[in-house]
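A quick write-up on the structure given underneath.
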Amino acid sequence: MKFKFAIVLYMITSCHSNMRENVHADKVITFKEEGIASISQDIDSVSYLPLESDSLAYFSNGTKVVFREGKIFVGDLFQHKIVVYSDAGKFLFTLNSRGRAANEYLEIKSFCVTDHEIGIIDNGNHLFKIYDVETGRFLMNKKMPFVAWDVEGLDRGGYVFAFSPANKEYHLNKARYRLFFTDNDLNITKKLFPYEENEFAPIGKMTYFSSSREKILFHWCGASYFSVIDRVEGDSIKIVAVDFGDKEITDKYRDDMEKINQSGSYYIGETPVTNGNYIALEILSRDTYGCYLYSMKDNVMTQNYDGESMVMPYPLGVDEQGRFICLLNSFGEYEMLVNDGFPRASKEVEDHMENGGVTILKYVTK
């Protein structure tokens, strides 16, 4: 039986990918149901980083986590707040100002972090709001020329935004594209991945991007491929496809999640995450939720198994050293892991978790 980690999942109730596009894959990963080795063979070690508890630092769901410039940015997109820590886990400040004032926002749909700023998508105010990365001080507003669900900054300057239509009547962007590249002033410089009017994802994902220091990965609901964007050279984009064989979602079922589940089809759930050597993939079907690691060097995929001493929940991202990172906010889950042989934390960290504190797990791969 495949390992299932007890976290809050944002359920996808319906998916539809753009199968009408003639997409050329630069790399194909072949997925096989049987004979997949344990993920433990790819993991060298795991370490614990407790996040300092503070009344201003409370969050219920860490839905986007970014490591940048020696800081950790935990975005709770349900509560519309961003909690910022030092890379040692010390609480620094929180962005948590909802309203219509210049320095406030109606929502945090998503955010990005660059060397100098925190950029927040506020679709409610049609603004991209900029805050200082060191202090959280409000800097400026930029008028959004479109609606977007996610954003990442490019090292050369400018941004890349993601959008996916929510349903047939919810086409907020006149130009039907999923990716928008802009300059620093949000002038559109490039649009990619067009979709047709009848293509939709009634409920999508919380985040459409994952990022490391060098790469940005982009995936939309139900697509069997994802894009790898070079953060430095934004024009360099590669397509990686996952071949599910006869378990691929067929076009006739693509609008109906119930039929997808009945058919036993496999599909990519959350956006893949890479640390440069491995790609973490969340592969779902009717009977399984699975975190898989694909080794780019060996062209081999491994997965979690129940009862193994070394397992990895699906990572939220990577840190600046390329370690996969996961949030652990339940002492009960920690005890279940340790009972199966998972490396035990220090007494100090155990006390922190038992008292309700959140801890980051950092996975070093081989």
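The values are calculated or read from the model by the stated rules, or taken from the named source; none is laboratory data. All of these numbers come straight from a predicted model, not from anything done at the bench. Cβ placement follows ideal geometry from the backbone for every residue including glycine, while neighbour counts extend to all protein chains displayed. Quick note on the areas: whole protein, heavy atoms, side chains included, nothing else; ligands and nucleic acids left out. Shrake-Rupley method; radii C 1.70, N 1.55, O 1.52, S 1.80 Å.
Can you give the convex hull volume of the alpha carbon atoms of region 71-134 per residue, in Å³?
Numbers: hull volume 4.7 nm³, N = 64.
Measuring per residue, one finds 74 Å³ for the Cα hull of region 71-134.
Counting only helical runs of four or more DSSP H residues, what would the 222 nm mean residue ellipticity of the chain come to if each run contributes -39,500 (n - 2.57) and the total is spread over all its residues?
On the way: 3 runs with 24 residues, N = 366.
So the helix-based figure for the chain works out to -2000 deg cm²/dmol.
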Apply the Karplus curve 6.51 cos²θ - 1.76 cosθ + 1.60, θ = phi - 60°, to the phi angles in region 346-363 and return the couplings in whole Hz, x for Gly and Pro.
5, 4, 4, 5, 4, 4, 4, 5, 5, 8, x, x, 9, 10, 8, 9, 10, 9
For region 245-366, place one equal point scatterer on every Cα, skip the solvent, and apply the Debye formula. What is log10 of I(q)/I(0) at q = 0.12, 0.19 Å⁻¹?
-0.56, -1.09
Can you pull the one-decimal nm distance between simple spin-label points at LEU172 and ASP54, each 7 Å off the Cα toward Cβ?
3.1 nm
In whole angstrom, and with the biggest value first, how far do the Cα coordinates of region 37-119 range along each principal axis?
52, 27, 26
Potential extension, GLU248-LYS143 segment - 0.36 nm per residue separation minus Cα distance
33.8 nm
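Can you tell me what percent of all Cα-Cα pairs in region 88-222 are more than 20 Å apart? Don't skip to the answer; put the middle values down first.
On the way: 4190 of 9045 pairs.
Everything past 20 Å amounts to 46 percent.
Thinking of the chain as a set of Cα atoms, what percent of all their pairs are more than 26 Å apart?
Details: 33497 of 66795 pairs.
That tail contains 50 percent of the Cα-Cα pairs.
Per the 1.4 Å probe, what fraction of the accessible area of region 28-96, in percent, lies on carbon and sulfur atoms? Don't skip to the answer; put the middle values down first.
Numbers: 1360 of 2880 Å².
Using a 1.4 Å probe with all protein chains present, region 28-96 comes out at 47 percent carbon and sulfur.
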Quotient of Cα Rg and 2.2 N^0.38 Å for region 116-195, N being how many residues it contains
1.12
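Which FRET efficiency, nearest 0.05, do GLU233 and GLU33 yield, Cβ-Cβ r, R0 41 Å?
Details: r = 37 Å, r/R0 = 0.90.
The value I calculate is 0.65.
I need the shape label for region 162-300. Rule: rounded when a/c is under 1.5, else prolate if a/b > b/c, else oblate, with a, b, c from the alpha carbon gyration tensor. Display every interim value, and only then the final one.
Details: a/c = 2.29, a/b = 1.11, b/c = 2.07.
Since a/c reaches 1.5 but b/c is at least a/b, the shape of region 162-300 is classed as oblate.
Eigenvalues of the Cα gyration tensor times 5, then square-rooted: what semi-axes does that give for region 242-293, in whole angstrom, largest first?
Details: eigenvalues 105, 22, 17 Å².
So the three semi-axes of region 242-293 are 23, 11, 9 Å.
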Taking every pair of alpha-carbon atoms in region 324-366, give the share separated by more than 11 Å as a whole percent.
67 percent
Given a Förster distance of 30 angstrom, what is the FRET efficiency for GLU134 paired with GLU214, based on the Cβ-Cβ distance and rounded to 0.05?
0.80
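Kindly state, to the nearest 0.05, the FRET efficiency for GLN262 paired with THR189, given R0 = 45 Å and r defined as their beta-carbon distance.
Values: r = 43 Å, r/R0 = 0.96.
After rounding, the FRET efficiency stands at 0.55.
What shape does region 180-220 have by the C-alpha gyration tensor, where a ≥ b ≥ c are the square roots of the eigenvalues, rounded means a/c under 1.5, and otherwise prolate means a/b greater than b/c and oblate the rest? Numbers along the way, then the final one.
Values: a/c = 2.32, a/b = 1.23, b/c = 1.88.
The shape class here is oblate.
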Full-extension gain in nm, ASN103 to ASN299, via 0.36 nm per residue minus C-alpha separation
65.8 nm
Tabulate in residue order the Karplus-calculated ³J(HN,Hα) for region 124-137, using 6.51 cos²θ - 1.76 cosθ + 1.60 with θ = phi - 60°, rounded to whole Hz; enter x for Gly and Pro.
x, 9, 6, 10, 10, 9, 10, 10, 5, 6, 7, 10, x, 5
